[in-house]
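The structure under discussion appears below in the form of structure tokens.
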Amino acid sequence: MSDAFEPRSAHRGRFRPFASVLAALRFLTRMPVPFVRTVDPPPLKDAMWAFPLVGAVVGSITGVALVLAHLARLPELFCALLALAIAAMITGAFHEDGLADVADGFGGGNTREQRLEIMKDSRIGTFGALTLMIAVMGRAALLAALLVLSPAAVILLLAGAAAFSRALMVDLLWATRPARQGGLSSMVGQPSRNLTLLALAIGGLTAGLAGSYVFSLEAGVLALVAAGVAQEMLRSLAIRKIGGHTGDVCGAGQVLSETAMLAVYAAAVAFR
């Protein structure tokens with residue numbers, strides 16, 4: 001995540017797609033974003049509908065890296081790990097950091113207060129390290145399994161999964177209350193219902209069409225369902241453990257929902 005910014009209010013309430021995409025791109029990635037100040041970015045909660053668009057960009061770059069490494073005849077596992085490393089460079093490992101913090105907090109804390117305090121700590125513990133290892137190796141194995149597909153199919157699937165998993169982050173912010181005041185997720189604000197539906201529509205259509213085109217309608221729908229189930233399981237756990245969402249929970253949800261979609265795609269490859 002890049003540094004915060006303070007948008008001015010001259011255009012507050014107006015729907016400005018270009019400015020919203022730049023604001024979302026700056027928040028979710030470390031990519032250089034031109035014109036972000038000169039276009040007067042809207043409040044981030046009004047730009048969250050563009051999260052799946054940013055996800056599609058990140059997923060496409062990840063897919064291109066995976067395909068190019070494979071075309072260079074590198075080992076499949078190395079190709080997958082290289083693609084994940086490039087994705088982490090683009091995002092600043094924003095979501096993986098959240099996953100590790102959630103694992104440490106939920107696994108190491110006995111009370112709500114302890115869990116939230118552990119999640120604020122920048123140091124990583126045993127639960128976080130183990131969870132990251134499993135997540136990275138699991139995703140690498142799933143990416144490697146997709147390399148039997150055509151390059152275009154791989155890129156489409158990764159773009160769709162990255163888009164829908166980030167749309168689900170918007171849904172989590174809209175449908176769940178913050179676990180604490182003053183945290184990142186409470187500071188960015190709650191997106192409106194209409195913008196949340198727009199984000200879900202963009203992400204869902206991108207992922208659904210990609211899965212349906214590469215495999216079948218059933219596989220495309222199943223991937224969306226798997227992502228939603230993973231997100232809902234995390235949401236229920238977060239409510240029970242800390243009483244709501246945090247920025248770390250949103251990041252963890254993105255990783256888990258995207259992984260669930262990749263698992264469906266890898267299974268679809270096996271049953272082709």
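The values are calculated or read from the model by the stated rules, or taken from the named source; none is laboratory data. Just so we're clear, the structure is a prediction, and the values are computed from it rather than from any experiment. Virtual Cβ from ideal backbone geometry, glycine too; neighbours counted across all protein chains shown.
Restricting L53, L66, L71 to residues that are over 23 Å from L256 (Cα atoms) and either at pLDDT 95 or above or surrounded by 20 or more Cβ atoms within 10 Å (Cβ to Cβ) (or both) narrows the list to L71. All conditions but one from (1) surrounded by fewer than 23 Cβ atoms within 10 Å (Cβ to Cβ); (2) farther than 18 Å from A260 by Cβ apply to A144; the one that does not is (2). Would you check if there is a residue in region 205-224 being under 16 Å from A24 (Cβ atoms), modelled with pLDDT of 95 or more and crowded, with 18+ Cβ neighbours inside 10 Å? Yes, some residue in region 205-224 is under 16 Å from A24 (Cβ atoms), modelled with pLDDT of 95 or more and crowded, with 18+ Cβ neighbours inside 10 Å. Of all the criteria given as (1) crowded, with 19+ Cβ neighbours inside 10 Å; (2) in a helix (DSSP H, G or I), the one not satisfied by E232 is (1). Within the option set F78, F106, being among the aromatic types (F, W, Y) and free of Cβ contacts under 8 Å to residues at least 24 places away in the same chain holds for one residue only, F78.
Restricting the search to region 24-42, which residues are at negative phi and at pLDDT below 90? Hits for region 24-42 are P32, V33, P34, V36, R37, T38, V39, P41, P42. Among the residues of region 77-134, those that are out of contact with any Leu (no Cβ under 8 Å at 6 or more places or on another chain), among the β-branched types (V, I, T) and over 18 Å from A238 (Cβ atoms) comprise I86, I90, T126, I134. Somewhere in region 229-247, is a residue of a type in the set (D, E) and within 15 Å of the chain's Cα centre (by Cα)? There is at least one residue in region 229-247 that is of a type in the set (D, E) and within 15 Å of the chain's Cα centre (by Cα).
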